[in-house]
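S.K.: Below you will find the structure I want to go over with you.
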Amino acid sequence: MKDYSINTKCVQAGYTPGNGEPRQIPIYQSTTFKYDTSEDMGKLFDLEAEGYFYSRLQNPTNDLVASKIVQLEGGTAGMLTSSGQAANFFALFNICQAGSHIVSSSSIYGGTFNLISVTMKKMGIDVTFVDPDCTEEELNAAFQNNTRAVFGESIANPALTVLDIEKFAKAAHEHGVPLIVDNTFPTPVNLRPIEWGADIVTHSTTKYMDGHGAAIGGAIVDGGNFDWMAHAAKFPGLCTPDDSYHGVTYAERFGKEGAFITKCTAQLMRDLGCVQSPQSAYILNLGLESLHVRMPRHVENGQAMAEFLESHDKVEYVNYPTLPSNKYYELAKKYMPNGGCGVVSFELKGGRPAAEKFMKNLKLAAIETHVADARTCCLNPATSTHRQMNDEQLKAAGVPAGLIRISCGLEDKKDLIADVAQALDAI
Ligand SMILES: *Cc1c(COP(=O)(O)O)cnc(C)c1O
């Protein structure tokens, strides 16, 4: 599959049936797997043979779908998780522990902000949030001796800031730690962070990858480039023997290409069990088969909606990275020459009351805590996904109270714009 274009990989990567085998990926609906001898099974527990023994850790359906996502992102290993939240938690917790510190872009998904700033803080893991537009000097100043990872979103949900991946990768690598990029919004069809220096890529597959609002899921992909052993003192979990796995040293046994995901599966999946159901993985793969066809339409509709809103006199401003007036336009063109995603945000003149009136009058666009779905949906983040943030944090994340997020689906753009136009008229 390596030499085929990403369009072909969306359809066919991950699973190649043999003679007479099912054309579609089989759903291995089994908690456990059978072996002839205890020795056979013992080898699995020693990580000496590949195979399956219990679906809390690994399942063949999931691995086939993960393999497709790995190939789309250009990585070396990957895994599915039960949700995007689990993917980001696992990616960070795989290399952080009590006493560690994370440098994160402040412009990230509300759930991830909460995960890092509240829940992981309770685990003794500290964070410094940085403005994604900070200078290199400001970024470097955020690092501490105990920093173990840098985190950001390629296109942030919902602020739609574009991460300068090269800037963040350079700072991370100068401090001997990996850059983790949540690539949920552009998907690998529009942006592949590993090509720009990111080390680990995460996804909420719940969004465009599934694309139909059908299954919650997440994914982690390792680019296979970060040299853990060169920074062994920082990453004892990867570079010293794991007593809970018969003394295996992941970075030695599985190399740069496989250590991160093997450890993440063997330890975190074993202990925390955030596995994706094989049914969901099957549904996810149906979405992936058309991802390369759907993303250009989401982009076309998003661009048309953004241009319409920008010209409307009831709209204060529009956030959409590929509008020439947007401050991320140059970065967006560099990292995403074919466009980013179908999500547009804008602030109404008249703040919160205007937003309420607008939302009430939408007919086609549904009010949902969701984005990146085939059906257009709309949200006022300050009263929903970002409720836990105070006004100062909302501002830092680029989400003022009157902000509306509209996720343009796959409908006809003329109908979508007409719906938004009549809701604006009602204000
Ligand atoms: C939705 C989302 C998440 C969380 O994913 P879930 O699948 O809802 O757990 C993480 N990051 C981004 C960018 C998201 O949009």
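S.K.: For segment 335-354, which positions are in contact (Cβ under 8 Å) with a residue 24 or more places away in the chain, surrounded by fewer than 23 Cβ atoms within 10 Å (Cβ to Cβ) and more than 27 Å from the chain's Cα centre (by Cα)?
M.R.: Those that are in contact (Cβ under 8 Å) with a residue 24 or more places away in the chain, surrounded by fewer than 23 Cβ atoms within 10 Å (Cβ to Cβ) and more than 27 Å from the chain's Cα centre (by Cα): 349, 350, 351, 352, 354.
S.K.: So, one more: How many residues does segment 273-294 hold that are closer than 21 Å to residue 90 by Cα and aromatic (Phe, Trp, Tyr)?
M.R.: Going residue by residue through segment 273-294, those that are closer than 21 Å to residue 90 by Cα are 273-278, 280-281, 284.
Keeping just the survivors that are aromatic (Phe, Trp, Tyr) gives none.
Here the count works out to 0.
S.K.: Also: Which condition number in (1) small (Gly, Ala, Ser); (2) modelled with pLDDT of 95 or more; (3) farther than 19 Å from residue 72 by Cα is the one that residue 244 fails?
M.R.: Residue 244 satisfies all of (1) small (Gly, Ala, Ser); (2) modelled with pLDDT of 95 or more; (3) farther than 19 Å from residue 72 by Cα except (2).
S.K.: Still on this structure, please answer the following. Cβ-Cβ under 8 Å, sequence separation 6+ or interchain: first residue in segment 264-291 and on the phi < 0 side of the Ramachandran plot and assigned to a helix (DSSP H, G or I), partner surrounded by fewer than 20 Cβ atoms within 10 Å (Cβ to Cβ) and basic (Lys, Arg). Which pairs?
M.R.: Within 8 Å, the pairs are 269/56; 270/56.
S.K.: Quick one: would you say residue 49 is touching an Asp or Glu at 6+ places or on another chain (Cβ under 8 Å) and either farther than 21 Å from residue 266 by Cβ or small (Gly, Ala, Ser) (or both)? Please lay out each step first, then the result.
M.R.: Values: touching an Asp or Glu at 6+ places or on another chain (Cβ under 8 Å): yes; either farther than 21 Å from residue 266 by Cβ or small (Gly, Ala, Ser) (or both): yes.
Judged against the criteria, residue 49 is a match.
S.K.: Is it fair to say residue 43 is assigned to a helix (DSSP H, G or I), over 21 Å from residue 275 (Cβ atoms) and modelled with pLDDT under 95? Before you say what the answer is, go through the steps one by one.
M.R.: Details: assigned to a helix (DSSP H, G or I): yes; over 21 Å from residue 275 (Cβ atoms): yes; modelled with pLDDT under 95: yes.
Answer is yes for this residue.
S.K.: Checking residue 374 against (1) under 30 Å from residue 164 (Cα atoms); (2) hydrophobic (A, V, I, L, M, F, W, C); (3) surrounded by 23 or more Cβ atoms within 10 Å (Cβ to Cβ), which single condition isn't satisfied?
M.R.: (3)
S.K.: Now a separate question. Out of all the residues in segment 178-199, which are of a type in the set (A, V, I, L, M, F, W, C) and either crowded, with 24+ Cβ neighbours inside 10 Å or within 23 Å of residue 300 (Cα to Cα) (or both)? Working first, answer last.
M.R.: Keep residues of segment 178-199 that are of a type in the set (A, V, I, L, M, F, W, C), which gives 179-181, 185, 189, 191, 194, 196, 198.
Of everything in segment 178-199, those that are of a type in the set (A, V, I, L, M, F, W, C) and either crowded, with 24+ Cβ neighbours inside 10 Å or within 23 Å of residue 300 (Cα to Cα) (or both) turn out to be 179, 180, 181, 185, 189, 191, 194, 198.
S.K.: Looking only at strands (runs of 3 or more DSSP E) that lie completely in segment 140-215, which have at least 1 residues being within 11 Å of the ligand (Cβ to nearest atom) and either on the phi > 0 side of the Ramachandran plot or among the charged types (D, E, K, R) (or both)? Write out each step before concluding.
M.R.: Values: elements: 147-153, 179-182, 200-204.
Here the list reads 147-153, 179-182.
S.K.: Could you list all residues from segment 90-117 that are without any contact (Cβ under 8 Å) to a residue 40 or more places away in the chain and within 16 Å of the ligand (Cβ to nearest atom)? Spell out how you get there, then give the answer.
M.R.: Step one: list which residues in segment 90-117 are without any contact (Cβ under 8 Å) to a residue 40 or more places away in the chain, which gives 98, 115-117.
Across segment 90-117, the qualifying residues are 115, 116, 117.
S.K.: Among the residues of segment 406-414, is any of a type in the set (S, T, N, Q), in contact (Cβ under 8 Å) with a residue 12 or more places away in the chain, within 16 Å of the ligand (Cβ to nearest atom) and surrounded by 19 or more Cβ atoms within 10 Å (Cβ to Cβ)? Outline the logic, then answer.
M.R.: Taking segment 406-414 first, the residues of a type in the set (S, T, N, Q) are 407.
Next, only the ones that are in contact (Cβ under 8 Å) with a residue 12 or more places away in the chain stay: 407.
Still in the list and also within 16 Å of the ligand (Cβ to nearest atom): 407.
Right, trim to surrounded by 19 or more Cβ atoms within 10 Å (Cβ to Cβ) and you get 407.
Checking segment 406-414: at least one residue is of a type in the set (S, T, N, Q), in contact (Cβ under 8 Å) with a residue 12 or more places away in the chain, within 16 Å of the ligand (Cβ to nearest atom) and surrounded by 19 or more Cβ atoms within 10 Å (Cβ to Cβ).
S.K.: Given the conditions (1) closer than 27 Å to residue 287 by Cα; (2) away from the ligand (no atom under 16 Å from the Cβ); (3) of a type in the set (A, V, I, L, M), which single one is not true for residue 230?
M.R.: Here residue 230 clears every test but (1).
S.K.: Which condition number in (1) of a type in the set (A, V, I, L, M, F, W, C); (2) farther than 14 Å from residue 264 by Cβ; (3) in contact with a helix residue (DSSP H, G or I) (Cβ under 6 Å, 6 or more places away or on another chain) is the one that residue 77 fails?
M.R.: Evaluating residue 77 over (1) of a type in the set (A, V, I, L, M, F, W, C); (2) farther than 14 Å from residue 264 by Cβ; (3) in contact with a helix residue (DSSP H, G or I) (Cβ under 6 Å, 6 or more places away or on another chain) leaves (2) as the failure.
S.K.: Within segment 315-356, how many residues turn out to be part of a loop (DSSP other than H, G, I, E, B) and either at pLDDT 95 or above or among the acidic types (Asp, Glu) (or both)? Show your work before the answer.
M.R.: Looking only at segment 315-356, we keep the residues that are part of a loop (DSSP other than H, G, I, E, B), and these are 320-328, 336-342, 349-350.
The next check asks that each one be either at pLDDT 95 or above or among the acidic types (Asp, Glu) (or both); those that pass are 320-328, 336-342.
The total comes to 16.
The values are calculated or read from the model by the stated rules, or taken from the named source; none is laboratory data. From a predicted model like this one, the values you see are computed outputs, not experimental measurements. All Cβ positions, glycine included, derive from the backbone under ideal geometry; neighbour counts span all protein chains shown.
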